Amino acid sequence: MDCRRNLLAFLSLGGATSAPSHGKPWLPLPSRLTGVAARTETRRSLLVRRAVVTGRLLALAALATLAPLSGCATWDTEAFFPEDYQQRFTKLHNCKKSAHPTGDHVVVWINDIGRDAFTQRQFPLPQGTVLVKTQYSDSACSRLSRYTAMEKGAPGDAPDANDWLFQLVDERGGVRDCCSGGDPTAESSCVGCHTPCVNSDLVCTAPPAAGP
Ligand code: HEC
């Protein structure tokens with residue numbers, strides 16, 4: 001919820017610059033101002049301050065109501081996996097260096113539809129299987145850089161790719177136009193590199209070792 005925190009920071013900053021917090025009038029009052037004028041001035045700045053506080057409260061209320069619905073909810077509905085995939089999917093391995101030349105460090109996840117078939121090495125995997133590769137720019141897998149995902153479509157969805165649809169998703173959940181439905185050359189680059197993994201239905205991550 002980084003964006004929500006940024007918005008909050010923005011709101012409190014906005015308040016600090018528009019409302020003087022030290023209680024003095026905004027401009028130095030000329031000494032010839034009468035007591036009445038000074039009182040009016042103070043009252044006016046009180047009113048202004050009250051308006052600023054009310055405005056800020058209203059903005060906060062609006063933020064609390066709207067944030068989950070809009071602004072912060074940037075996760076693309078077209079993404080093959082939900083934002084809380086770490087709660088719903090099974091992690092296939094811990095953080096490790098990718099075999100992909102530019103893949104940095106990765107963790108791979110699989111959804112429930114494909115999990116048992118994959119761990120039992122029953123290929124091809126069922127329609128609806130989703131695999132997510134979470135990519136990080138550091139060896140501790142703490143700095144998320146992006147995701148790549150693949151979803152097993154219906155028979156005929158992608159005849160040249162065992163019906164896998166490929167997807168690139170940025171670190172905020174935005175689907176990047178790279179693969180399926182986009183540039184066919186880019187799609188073939190995902191598929192092309194996964195082709196050597198044909199014995200495991202184009203999945204390059206090895207299933208966990210069989211039990212003892
Ligand atoms: C240069 C070769 C290469 C390219 C290009 C490539 N991949 Fe991969 N991909 C791999 C390898 C190798 C793995 C195994 C995990 C690892 O070592 O990173 C993998 C793993 C994955 C996984 C996890 C499931 C699995 O197969 O292990 C997904 C999902 C994935 N890639 C999606 C994509 C998408 C989407 C694209 C295109 C945008 C793409 N890949 C392009 C080599 C490649």
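Net charge near T102: determine it from the other residues with C-beta under 14 Å of the C-beta of T102, scoring Lys and Arg +1 and Asp and Glu -1.
+2
Taking Cα pairs under 8 Å and at least six residues apart, what relative contact order does region 85-200 come out at, in percent?
Taking the mean separation of contacting Cα pairs over the length of region 85-200, I get 16 percent.
Listing F118, F89, F123 from the residue with the fewest other Cβ atoms within 10 Å to the one with the most, what is the order?
F123, F89, F118
Using Cβ counts within 10 Å as a stand-in for footprinting exposure, how do V203, V191 rank, fewest first?
Least crowded to most crowded, the residues run V191, V203.
Every number in this text was worked out from the coordinates using simple rules, so none of it is lab data. Computed from a predicted model, the values in this text were never measured in an experiment. Cβ atoms come from the backbone with ideal geometry, glycine included; neighbour counts cover every protein chain shown.
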